[in-house]
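Below is one structure, written out as structure tokens; the observations come after it.
Here, each number is a calculation from the coordinates, and none is a lab measurement. Keep in mind that this is a model prediction, so the values were computed, not measured. When we count neighbours, we look across all protein chains shown, and the Cβ atoms used for this are built from the backbone with ideal geometry, even at glycine.
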Amino acid sequence: MGIFKRLSWFFKQEKKSYLLGIVSLVIVAILQLIPPRIIGIVVDEIETASITQLSLTTWLAILASTAVLQYVLRYIWRVRIWGNAAKLEQIVRKQLFDHFTNMDNQFFQKYRTGDLMAHATNDLRGLRMVAGGGILTLADAISVGLTTLLAMLFIVDWRLTLIAIIPLPLLAVTSRVLGKKLHLRFRDAQAAFSHLNDKVQESIQGIKVIKTFGQEKEDIEEFSKQTDNVVAKNKAVYKIDSLFDPAITFIMGISYFLTIFIGGLLISGNEITIGDFVTFINYIGMLVWPMFAIGRLFNIIERGSASYDRIETLLREETAIEERHGAIDHPITGDLSFKLESFSYPEDEVETLRDIDFRLNAGGTLGIVGKTGAGKTTILKLLLREYDAYKGKIEYGGYDIRDYTLDALLKQVGYVPQDNYLFSDTIRENIRFADPGLSQEAVEAAAKLADIHQDILELPNGYDTEVGERGVSLSGGQKQRISIARAILINPELMILDDSLSAVDAQTEETILSGLKDIRQGQTTIIAAHRISSVMHAEEIIVIDEGSIIERGTHKSLLQQNGWYKDMYEQQQLERALKGGEA
């Protein structure tokens, strides 16, 4: 029953609504006692030949009135109790979603998308059942069971009642033992379902790669294994779950046996009438539901408890990126100073970056080059505050970026990552994602600067073209340029291009960079790239290797240093010349 205590915050919040629903349930339980008693009375009147048309009509009218009243009250408790359950699901789902949006990269590296989706669907369903079916079953079982037992005691015969309830303690013991096992097995079943979700999501997103490498059969086999595991875990749950009903049936069978045996003796001794015995048997029948309800209640509670455990585990996760008390809330502006002593990714003892020191004046352009894995993107992640645990200081306008609110910092940064993410919407809505109210003219102006406007017009529906999930219907170059247009549109103080021109040709690259230079006078730009042509016009270029700066300067001065930069530039020039010759 601990799950009810853990959800007490919600029950207190909705106490009036729940109270109305439970009161309606209790009244229905009391009204249910009337028909069996009327049947017993009618049986006795028939046996003694004292029944009249008036008395029969009266009893039937009472039965009809009871039925109508129960109908109304059942409608009330269903609306109140199940409505509250849906409300709890809505509240916790919003808590989860808000929590997801506030978490940092470490959280999403720890939990995969399919797992998070399982928490937001299956686990919430289990929680909703506690607030709906759990409360209903608990209140109904107590009210029906208690009122029926009181009726058996005071309306029929107390001795027969005591005999009938002798087997019931067995039910409590059985429910407790089975309930503990059910909790553990259901938790395992939910975990298996999360892994299956992960598999499905990964396979759908990587379907092109799977088909390209001809791995459909192997992927299906892996999916089958995951499915078999889910089925096996759920079978383990149902094996325990299926023991509840037979146990209850067996216990109630003992109760019926004792009732019929002792009841027969009491009738033969004229201590109770046949009508009383019929009434009592009906009441025993009414007790069957509370007994089954107890088994069902344990099932609901254990499933809901296991689900809430998983949800609370997520909600207890804390982000490492926090806004300081009294953080600066005005937009970033001014010079950028990057003085980093060292940085290591969480749970990684190896230093990813060390001794990175550069200054970028307001309105300037910085180029960052280096081989794959050198640390270029890590520098940009620190600028975006994806990680705050590092030795050193990064300042913007003379203030540590950790002293700014996240909105003050990030809303002034136009970031175009290597992995361009487009939403399953139209091209127009993807470009004006940061401000859906922007005009078509503004969208087209940004698209022209990103050299994607003409490509869009050639598509069947122009700017109304649906791009599909993650922009699946577009080429890599088109996705990159739409992402650049999206960043241009917000007119950011700091524009960061993280190898975001790799999928376009040299001429398109030159057009985009030239356009950016013209419109971003007085605004700061950082370009990280593999292609030297992307950064050669920057005021300063730094070369990163194994997390450290090994060369720095302008394009011209770096060529004179006869180092990595010059070697890479000459290699790329040669490749470009060869491609030109082939063309």
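Summary of values
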| read-out | value |
| --- | --- |
| Enclosed volume per residue, in Å³, of the convex hull spanned by Cα atoms of region 232-273 | 42 Å³ |
| DSSP-defined antiparallel bridges as percent of all bridges, the chain, nearest 5 | 50 percent |
| nm² value of the averaged projected area, convex hull over the Cα atoms of region 17-81 | 4.1 nm² |
| Protection proxy ranking of 404-411, 146-153 - average other beta-carbon atoms within 10 Å, highest first | 146-153, 404-411 |
| Mean Cα-pair separation over length for region 26-147, i.e. relative contact order, pairs under 8 Å, 6 or more apart, % | 45 percent |
| Mean-position separation - Cα centroids, region 52-106 and region 461-517, in angstrom | 52 Å |
| Ratio Rg/Rh, restricted to region 2-316 and using Cα atoms, in which Rh is the Kirkwood radius | 1.12 |
| Calculated FRET efficiency for the pair D348/D505, C-beta based, R₀ 35 Å, to 0.05 | 0.40 |
| Efficiency of FRET between S242 and Q201 - r from beta-carbon atoms, R0 22 angstrom, step 0.05 | 0.10 |
| R0 of 25 Å, Cβ-Cβ distance L559-E341: FRET efficiency to nearest 0.05 | 0.25 |
| Length added when fully stretched, V472-I519, from 0.36 nm per residue minus Cα-Cα | 13.9 nm |
| Reachable lysines, given that their alpha-carbon falls under 19 Å from the alpha-carbon of K16 and they are not under 8 places away in the same chain | K5, K87 |
| Residue order, fewest to most surrounding Cβ atoms within 10 angstrom, among L574, L63, L136, L266 | L574, L63, L266, L136 |
| Greater than 22 Å apart at Cα, pairs in K217/K239; K391/K517; K199/K225; K448/K517 | K217/K239; K391/K517 |
| Cα-based helix-to-principal-axis angle, 53-102 vs the chain, degrees rounded to 10 | 20 degrees |
| Burial order of peptide ranges 185-195, 312-322, 419-429 (average beta-carbon count within 10 Å, highest first) | 185-195, 419-429, 312-322 |
| √(5λ) per eigenvalue of the Cα gyration tensor, region 504-583, largest first, Å | 21, 20, 10 |
| Relative contact order of region 2-316, pairs being alpha-carbon contacts under 8 Å that are 6 or more residues apart, as % | 33 percent |
| Cα-based Rg of region 452-547 normalised by 2.2 N^0.38 Å, two decimals | 1.17 |
| Inter-label distance, nm, simple model (7 Å from Cα along the C-beta direction), L69/E222 | 6.4 nm |
| Mean separation of Cα contacts under 8 Å, 6 or more apart, over the residue count of the chain: relative contact order % | 14 percent |
| Pairwise Cα inverse-distance average, inverted: Kirkwood Rh of the chain (Å) | 30.2 Å |
| Mean residue ellipticity (222 nm) of the chain, computed from DSSP H runs ≥ 4 via -39,500 (n - 2.57), nearest 500 | -20000 deg cm²/dmol |
| log₁₀ of I(q)/I(0) at q = 0.15, 0.21 Å⁻¹ - region 434-505, Debye sum with one point per alpha carbon | -0.49, -0.99 |
| Chain lengthening between N105 and S424 when straightened (0.36 nm per residue, less Cα-Cα) | 112.6 nm |
| Euclidean distance of C-alpha centroids, region 370-430 and region 296-328, integer Å | 28 Å |
| Extension reserve of the Q454-Q53 stretch, reckoned as 0.36 nm per residue once the Cα distance is removed | 135.3 nm |
